[in-house]
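Student: Provided herewith is a single structure, encoded as structure tokens, for subsequent inquiry.
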Amino acid sequence: MKYLITILLFVTQFGFSQNEFTHDVYFDTDKYIVPLTEENRLLLFISQLDTIPIGKVSIYGFTDDRGSNKYNLELSQNRADAIKEMFAGYGIDPYLITNVNGKGEILLKILNEEEIHQIRGLNRKVEIIVTLKKTKEPIEGSVSSTEQDIVLDEGPKEKTTEDISNGTIKKGDKIRLDKIYFKTSYSYVTSDSKKTLEELAKIMAKNKNIYFTIQGHVCCTQNSRDAVDKKTRKRNLSVARAKYIYDYLERKGVDKRRMKFVGLRRKFPLGGEPKLDRRVEILVTYVGKTE
């Protein structure tokens, strides 16, 4: 039976049909704050939508069978709202999100008394359904609008900190910090990276209208795994590197409400020298009006 539970969990985490992408986000008991591991999974899911012509996004929240109906409806709605906020924060047009509903509890179907805990864990979730944009049937010999969109949509445009200073940065832009390098197997930067980091802090502290996510990366692991942080002995080095930059910017006066951090493991190698993958990137999630 434990193998059945594992298979069910795998299937519900990510799915694809001809017209839809689906993804589930799981929550802790009585919580609607997205756990960091689930936020990382969600970010990876969203990154796969960069070249997809999205028609609409539906978000449905659920709880397990414990708690009153009123409590479960409120909690499930809060979970759905939390995912909607994250989608918007990661660059998905809010107008595409057409359904955000809390559905309340999922009744417990007991297959085995020993697996009640696992089954309830699968029921504490938000289901995300991304429906592709409908396109007309292409004329023979022509390129369909869906194919054309995929070819032309290059995803987030890579920018530099100069674009922030010049006021040409926008939501969805990505900044790769080429001169910030990390010591092998550690989360802190090398000494020759300090100047670049100081300049970044000054720019981000000055431009208070920029909201962003710090993305940590690692090199030299297999199967897209994260690397081990030698200081803590935990396999979360990409997260630790992003957190290092987050903490540094906060100490230098950048409001933490403008920042998030995630670890992307070795999902997006650059294909060059290993030191280039020991990196952080900044994804701009919102640009407000300047005062």
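Student: Return the pairs, sorted by first residue and then second, in which the second residue is of a type in the set (V, I, T) and not in a loop (DSSP other than H, G, I, E, B), the first residue lies in the range 30-54 and is closer than 14 Å to G263 by Cα and without any contact (Cβ under 8 Å) to a residue 24 or more places away in the chain, the beta carbons are less than 7 Å apart, and the residues are 6+ apart or on different chains.
Tutor: Listed pairs, sorted by first residue: E38/V25.
Student: Grab the helices (runs of 4 or more DSSP H) fully contained in the range 121-229, keeping just those with 3 or more residues being outside the structural domain of V57 (by TED's automatic domain parsing) and modelled with pLDDT of 80 or more.
Tutor: Details: elements: 145-152, 161-166, 194-206.
So the answer is 161-166, 194-206.
Student: Among the residues of the range 211-235, which ones are surrounded by 22 or more Cβ atoms within 10 Å (Cβ to Cβ) and farther than 13 Å from E281 by Cα?
Tutor: If the condition is that a residue be surrounded by 22 or more Cβ atoms within 10 Å (Cβ to Cβ) and farther than 13 Å from E281 by Cα, then D226, A227 are the ones that fit.
Student: What are the residues in the range 240-270 that are assigned to a loop (DSSP other than H, G, I, E, B), more than 17 Å from I175 (Cβ to Cβ) and out of contact with any Asp or Glu (no Cβ under 9 Å at 6 or more places or on another chain), if any?
Tutor: The answer is G253, D255, K267.
For every residue, the table says whether it meets (1) of a type in the set (D, E); (2) touching a residue at least 40 places away in the same chain (Cβ under 8 Å); (3) out of contact with any His (no Cβ under 9 Å at 6 or more places or on another chain); (4) more than 18 Å from P35 (Cα to Cα).
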{"site": "Q215", "(1), (2), (3), (4)": "no, yes, yes, no"}
{"site": "V218", "(1), (2), (3), (4)": "no, yes, yes, yes"}
{"site": "K230", "(1), (2), (3), (4)": "no, yes, yes, yes"}
{"site": "A242", "(1), (2), (3), (4)": "no, no, no, no"}
{"site": "G272", "(1), (2), (3), (4)": "no, no, yes, yes"}
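Student: Among T290, T285, which is surrounded by 15 or more Cβ atoms within 10 Å (Cβ to Cβ), of a type in the set (S, T, N, Q) and touching a residue at least 60 places away in the same chain (Cβ under 8 Å)? It would help to see each step written out before you state the result.
Tutor: Values: T290 fails: surrounded by 15 or more Cβ atoms within 10 Å (Cβ to Cβ).
That would be T285, the only listed residue that is surrounded by 15 or more Cβ atoms within 10 Å (Cβ to Cβ), of a type in the set (S, T, N, Q) and touching a residue at least 60 places away in the same chain (Cβ under 8 Å).
Student: Which of the residues that make up the range 26-53 are exposed (fewer than 15 other Cβ atoms within 10 Å of the Cβ), of a type outside the set (D, E, K, R) and either outside the structural domain of K103 (by TED's automatic domain parsing) or under 11 Å from R124 (Cα atoms) (or both)?
Tutor: T29, the sole residue that qualifies.
Student: Given the conditions (1) surrounded by fewer than 18 Cβ atoms within 10 Å (Cβ to Cβ); (2) under 20 Å from the mean Cα position of the chain (by Cα); (3) over 14 Å from L276 (Cα atoms); (4) of a type outside the set (V, I, T), report the number of the one that K171 does not fulfil.
Tutor: (1)
Student: Could you list, in sequence order, the residues of the range 94-117 that are surrounded by 17 or more Cβ atoms within 10 Å (Cβ to Cβ) and over 30 Å from K56 (Cα atoms)?
Tutor: If the condition is that a residue be surrounded by 17 or more Cβ atoms within 10 Å (Cβ to Cβ) and over 30 Å from K56 (Cα atoms), then no residue fits.
Student: Would you check if V34 is in a strand (DSSP E or B) and closer than 25 Å to I214 by Cβ? Before you say what the answer is, go through the steps one by one.
Tutor: Working: in a strand (DSSP E or B): no; closer than 25 Å to I214 by Cβ: yes.
Taking the combined requirement at face value, the residue does not satisfy it.
Student: Could you list, in sequence order, the residues of the range 230-239 that are charged (D, E, K, R) and assigned to a loop (DSSP other than H, G, I, E, B)?
Tutor: Filtering the range 230-239 for residues charged (D, E, K, R) gives 230-231, 233-235.
Result: K230, K231, R233, R235.
Student: For F87, are the conditions met, namely being part of a helix (DSSP H, G or I) and touching a residue at least 60 places away in the same chain (Cβ under 8 Å)? Reasoning before the result, please.
Tutor: Values: part of a helix (DSSP H, G or I): yes; touching a residue at least 60 places away in the same chain (Cβ under 8 Å): no.
For F87, the condition - part of a helix (DSSP H, G or I) and touching a residue at least 60 places away in the same chain (Cβ under 8 Å) - is not met.
Student: Scan the range 98-120 and report the pairs whose first residue is over 19 Å from N69 (Cα atoms) and whose second residue is surrounded by 14 or more Cβ atoms within 10 Å (Cβ to Cβ) and among the charged types (D, E, K, R), with Cβ atoms within less than 7 Å and a gap of 6+ or a chain change.
Tutor: T98/K56
The values are calculated or read from the model by the stated rules, or taken from the named source; none is laboratory data. Since the model is a prediction, treat every value here as computed from it, not as a measurement. Neighbour counts are summed over all protein chains in view; Cβ atoms, including those assigned to glycine, are modelled from backbone coordinates with ideal geometry.
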